[in-house]
Amino acid sequence: MSIAPLAALPAVRTAPAFRGRIGRDARSGHYAVPRRYRLHLSTACPDGLRIAVGHSLLALDDCCPVTFLPAVPDCPDGSHPALRPLYEASAHRYSGPALAPVFSDDWSGRIVSTHSRDILRDLDRHFGDGVVRLYPCGAEAEIEAVERLCAEDIEQAAQRAGREGGDPEALAVLLAALDGLERRLTGVEFLVGGQLTAADIELWVALVQLDTVHRNHLDAAAVHAIAGHPVLWAYARRLAAHPAFGAHLDLDGIARRHHGRCQGLEAAGAAVQILDWAGHAADAPGVPRR
């Protein structure tokens with residue numbers, strides 16, 4: 001299994017990123033066996049929320065159980081004590097933080113992967129029923145482009161724009177990305193191929209973070225400009241009312257996680273929430289809340 005460094009987050013120490021793949025590494029023996037693997041997720045974390053939504057869309061409750069973790073980790077370094085045995089079993093003399101998400105092998109008690117997008121791809125490829133496809137054949141490159149856009153031009157740009165003193169160039173990058181998405185979604189329901197895919201999960205989670213986390217560090221003018229994309233936010237609202245999305249939206253947990261980790265100053269835009277996420281999520285039918 002390959003292990004690569006994971007970028008450090010504020011106030012969180014670096015942890016190794018396990019990159020095992022189902023069905024790809026014969027030496028690891030990670031074959032697609034129902035109920036062999038388990039997800040460990042905090043849906044207050046964007047990676048955990050992304051995986052939880054995909055897991056629900058694929059209807060994998062019986063095939064791949066999920067252990068939900070607290071929104072705010074118990075340890076100052078971001079560790080979840082429940083994950084410590086998995087990390088210690090997976091890396092010799094491991095002393096770093098035990099971070100989520102984790103995709104583990106119940107047979108060996110070890111970690112397969114901590115890389116959210118690899119995990120979601122393997123769930124789709126090896127455990128889905130084939131009726132719902134998060135990564136349809138031929139759409140992989142387009143979905144990867146959306147992933148890069150969300151990571152670089154929304155998530156990272158919003159972080160830079162919200163730093164003390166602001167960053168006008170970063171805000172311009174963010175607004176340009178939202179402008180492009182507004183045009184792309186005009187007259188269509190989903191981002192890629194007319195069907196719900198991993199691209200929609202990616203963008204929806206990025207918009208949740210933008211409105212519930214990054215908004216707190218932007219001034220009122222910036223928030224007003226971000227809100228001025230009616231098609232984009234109608235899309236976010238519509239997905240929030242989908243049972244696979246809304247049932248996993250832990251707004252209180254997101255807020256507590258943010259306040260526990262945030263080192264920046266809050267700005268005047270913090271009082272202006274773009275969407276009533278709780279109200280729209282409450283419209284999601286058929287899925288009980290945790």
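The values are calculated or read from the model by the stated rules, or taken from the named source; none is laboratory data. Since this is a predicted model, take the numbers as computed values, not measurements. Here the Cβ positions follow ideal geometry from the backbone for every residue, glycine too, while neighbour counts run over all protein chains shown. To get the accessible areas, we keep the full protein, side chains included, count just its heavy atoms, and leave off ligands, DNA and RNA. Shrake-Rupley method; radii C 1.70, N 1.55, O 1.52, S 1.80 Å.
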Do you know which residues across the stretch 116-137 are farther than 13 Å from LEU196 by Cα and surrounded by fewer than 21 Cβ atoms within 10 Å (Cβ to Cβ)? ARG117, ASP118, ARG121, ARG125, HIS126, PHE127, GLY128, ASP129, GLY130, CYS137
Can you tell me which residue is farthest from LEU191 (Cα to Cα) among those in the stretch 157-172 that are part of a helix (DSSP H, G or I) and either touching a residue at least 60 places away in the same chain (Cβ under 8 Å) or open to solvent by less than 10 Å² (accessible area, probe 1.4 Å) (or both)? ALA161
Criterion first (open to solvent by 20 Å² or more (accessible area, probe 1.4 Å), more than 21 Å from the chain's Cα centre (by Cα) and free of Cβ contacts under 8 Å to residues at least 24 places away in the same chain) does ALA225 satisfy it? no
Of those in the stretch 31-62 that are modelled with pLDDT of 95 or more and of a type in the set (Ser, Thr, Tyr), the residue farthest from LEU249 (Cα to Cα) is TYR37
So for the stretch 125-136 (the condition being part of a helix (DSSP H, G or I) and closer than 20 Å to ARG50 by Cα), does at least one residue qualify? yes
Does the stretch 40-81 hold any residues that are open to solvent by 40 Å² or more (accessible area, probe 1.4 Å), closer than 24 Å to HIS30 by Cβ, out of contact with any strand residue (DSSP E or B) (no Cβ under 7 Å at 6 or more places or on another chain) and touching a residue at least 24 places away in the same chain (Cβ under 8 Å), and which are they? ASP47, SER56, ALA59, ASP62
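Taking LEU175, is it crowded, with 22+ Cβ neighbours inside 10 Å and at pLDDT 95 or above?
Numbers: crowded, with 22+ Cβ neighbours inside 10 Å: no; at pLDDT 95 or above: yes.
Spelling it out, it is not the case that LEU175 is crowded, with 22+ Cβ neighbours inside 10 Å and at pLDDT 95 or above.
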